[in-house]
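Every number here is computed from the coordinates shown, using simple stated rules; none is lab data. Keep in mind that this is a model prediction, so the values were computed, not measured. Reconstructed Cβ throughout: ideal geometry from the backbone, glycine too, with neighbour counts over all protein chains shown.
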Amino acid sequence: MQNIAFLALISADKPDLGISKIRAYAENMPLNLVQIDRVADIDRPTFRQQYLKPRTPVVMSNLAKTWPAYSKWNFDYFKHVAGDQIVPLYDGSKTDGTKKVNEPDAQMKFADYLDLIAREPSQLRIFLFNIVSHMPDVKKDYTNPPFCDWFVDQFPAMFFGGGGSSVFMHYDIDAPSIFHTHFVGRKRVTLVSPEFTPLMYKLPLSWHAIEDINWRDPDFDQFPALRGVTAHTTILEHGETLYMPKGWWHFMEYLDGGFSISLRALVSPAQVAEAAYNVAVVKTVDNFFRKRYGKQWFEWKEKSAAEKANKRARRLNLPVPEAVA
Ligand SMILES: O=C(O)CCC(=O)C(=O)O
């Protein structure tokens, strides 16, 4: 029933998506789902009123079409300008608490990596690649969106992924508003509002959910609180820009090999203070315990995340099996 309603909703909203693609998605991901709003063009006052203030995500399909990047950025371009660089890679394997969340699993020559993801599916990703520090000239290829005044210009992060790879469900430590433009293949995004954080199996002193959750097909017996969560979803295609409001959880799936750039805006002093507190205090405390207790610390975090979310589920009268109660 829920899937039928979802199909009707997104078929009406996005007629250019093939119905079989939509059906496959609905069948594969039985979370409560709503489709993210889409606009072609939008002006600053309307954006601020309808999306920035209420912190509602939206996809803007034309925003990046005037950027030089729109026609210039492809695998060959990056091979040409930075193919010799050695890049850090992540393979999507679960952390066991003995290494940092952002510690790379491998490295490779950028050109070889780009050939790999152009050629075949791969779990290998590049995460938070500071493009400007490697290739200052690419700054000329995009423009900060006109909706916010203060962008973290020194840190326009790029992300690359092989077809079939995904990025664990998390939200960002530096609390930005994100304008995320995708290039080349298709990327499915699944966002969850911060209002659902108590149900998200969030690890204490971290910004991600328990990694065992399969977000395509959550096990509601093991993670019953997820029955209470509504997720927002869409598929991004070449040149489309997603606005992710501050604090929104995101789970990204590269349906094909491709890459994206995230431009980060800070819209209030409170946001800056939160970012500074997270980086300077919370992360430092977590690193201290991780170094000292390793796996044990990580296991405690997972146990605590499960207990908290399941407790909240019981309070909301969601069915919680005896085995996890
Ligand atoms: O799409 C990706 O690879 C990750 C994007 C992300 O986490 C971000 O923009 O904050």
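Distant-in-sequence amide contacts of residue 231, defined by a placed amide H-H separation under 5 Å and a gap of 5 or more residues or a different chain, comprise 32, 33, 34. Between amide H atoms placed 1.01 Å from N, distances below 5 Å from residue 165 occur with 122, 254, all of them 5 or more places distant or on a separate chain.
Name the most mobile residue of 246, 53, 301, meaning the one with the largest mean-square fluctuation, in a Gaussian network model of the chain with Cα contacts below 10 Å. Largest GNM mean-square fluctuation: 53. Derived scalar couplings between HN and Hα for segment 83-92 equal x, 7, 5, 9, 10, x, 10, 10, 9, x Hz in order, rounded to whole Hz, by the Karplus curve 6.51 cos²θ - 1.76 cosθ + 1.60 (θ = phi - 60°), x for Gly and Pro. Relative contact order of the chain, taken over Cα pairs closer than 8 Å and 6 or more residues apart, is 24 percent. Note on the chain: with a GNM built from Cα contacts shorter than 10 Å, the maximum mean-square fluctuation among 64, 209, 270 falls on 270.
Farthest toward the positive end of the dipole of the chain, out of 117, 247, 92, is the Cα of 247, where the dipole comes from beta carbon charges about the Cα centre. Applying the Karplus relation 6.51 cos²θ - 1.76 cosθ + 1.60 with θ = phi - 60° to segment 222-228 yields 3J(HN,Hα) values of 7, 10, x, 4, 5, 5, x Hz, where x marks Gly and Pro. Taking packing as the residue-averaged number of other Cβ atoms within 10 angstrom, the listed peptides 147-160, 254-267, 282-295 run from highest to lowest as 254-267, 147-160, 282-295.
Here the simple spin-label model places points 7 Å from the Cα toward Cβ, and for residue 102 and residue 221 these points are separated by 3.9 nm. Under the convention that each Lys and Arg Cβ holds +1 and each Asp and Glu Cβ holds -1, the size of the dipole of segment 180-221 around its Cα centre is about 380 debye. Rounded to whole numbers, the Karplus 3J(HN,Hα) couplings from phi for segment 151-164 are 9, 7, 5, 6, 9, x, 7, 10, 10, 10, x, x, x, x Hz, using 6.51 cos²θ - 1.76 cosθ + 1.60 with θ = phi - 60°, and x at Gly and Pro.
Do the alpha carbons of any pairs in 109/140; 140/246; 65/140; 109/187; 202/303 sit beyond 18 Å of each other, and which pairs? It would help to have the intermediate numbers written out before the result.
Working: 109/140 24 Å; 140/246 26 Å; 65/140 14 Å; 109/187 24 Å; 202/303 11 Å.
Beyond 18 Å: 109/140; 140/246; 109/187.
Distance between the modelled labels on residue 93 and residue 48, one decimal in nanometres: 4.9 nm (7 Å Cα→Cβ projection). Placing unit charges on the Cβ atoms only, positive for Lys and Arg and negative for Asp and Glu, gives the chain a dipole magnitude near 740 debye about its Cα centre.
Considering the dipole of the chain built from charges on the beta carbon (Lys and Arg +1, Asp and Glu -1) around the Cα centre, which of 282, 258, 176 is farthest to its positive end? Sorting the options by dipole projection puts first 282.
For residue 140, the shell of other residues with beta-carbons less than 15 Å away shows a net charge of -1, using +1 for Lys and Arg and -1 for Asp and Glu.
Rounded to the nearest angstrom and listed largest first, the equivalent-ellipsoid semi-axes of the chain from its Cα gyration tensor are 30, 25, 21. Comparing mean-square fluctuations of 54, 198, 224 from a GNM of the chain with C-alpha springs under 10 Å, the top value falls on 54.
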